[in-house]
Amino acid sequence: MCADLCCDEKCVHEDIVHKVEHHLPNDETLYDLAELFKVFGDSTRIKILYALFESEMCVCDIAELLNLTQSAISHQLRVLKSAKLVKARRSGKTVFYSLADEHVRLIINQGMEHILE
């Protein structure tokens, strides 16, 4: 299994290893990044983000659009909000959700561009 993926003999290139080692983020930062990408691992959350590309929406609107319960949408929005991917704005009795910032759109667009290559 390793034949195509491994070196034929062990030969560590110390200069390369040391150069790369100094550019790696710390473990905590890499863990946080991995957790962020886990949030993108659910197609319902991706659909919600795509909907919010077009307009801010309330839970009722998103539930209707995606044909899901308000409870299911509310749960996914909590996950997205805790990951700082969406923000909420209250207007009277209604809470409207929108993308947290332009970075969210860029991350999704980069992912889409990658899978369409």
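Kindly indicate whether PHE53 is surrounded by 14 or more Cβ atoms within 10 Å (Cβ to Cβ), among the aromatic types (Phe, Trp, Tyr) and at pLDDT 95 or above. Walk me through how you get there before you give the answer.
Working: surrounded by 14 or more Cβ atoms within 10 Å (Cβ to Cβ): no; among the aromatic types (Phe, Trp, Tyr): yes; at pLDDT 95 or above: yes.
When the stated conditions are applied, PHE53 does not pass them.
Please go through segment 92-109 and pick out each residue that is of a type in the set (Lys, Arg) and closer than 19 Å to ILE73 by Cα. Steps first, answer last, please.
Let us first name the residues in segment 92-109 that are of a type in the set (Lys, Arg), namely 93, 105.
Residue satisfying the conditions is LYS93 alone.
Would you mind stating whether GLU64 is more than 15 Å from VAL39 (Cβ to Cβ) and surrounded by 13 or more Cβ atoms within 10 Å (Cβ to Cβ)? Break it down into steps so the answer makes sense when it comes.
Details: more than 15 Å from VAL39 (Cβ to Cβ): yes; surrounded by 13 or more Cβ atoms within 10 Å (Cβ to Cβ): yes.
So GLU64 fits the description; yes.
Go through segment 66-105 and give me each residue that's in a loop (DSSP other than H, G, I, E, B) and polar (S, T, N, Q).
We begin by selecting, within segment 66-105, every residue in a loop (DSSP other than H, G, I, E, B); these are 67-69, 83-85, 92-93, 100-101.
ASN67, THR69 - these are the residues of segment 66-105 that are in a loop (DSSP other than H, G, I, E, B) and polar (S, T, N, Q).
The values are calculated or read from the model by the stated rules, or taken from the named source; none is laboratory data. In this text, all values refer to a predicted model and were calculated from it rather than measured experimentally. Cβ sites come from the backbone with ideal geometry, for glycine too, and all protein chains shown count toward neighbours.
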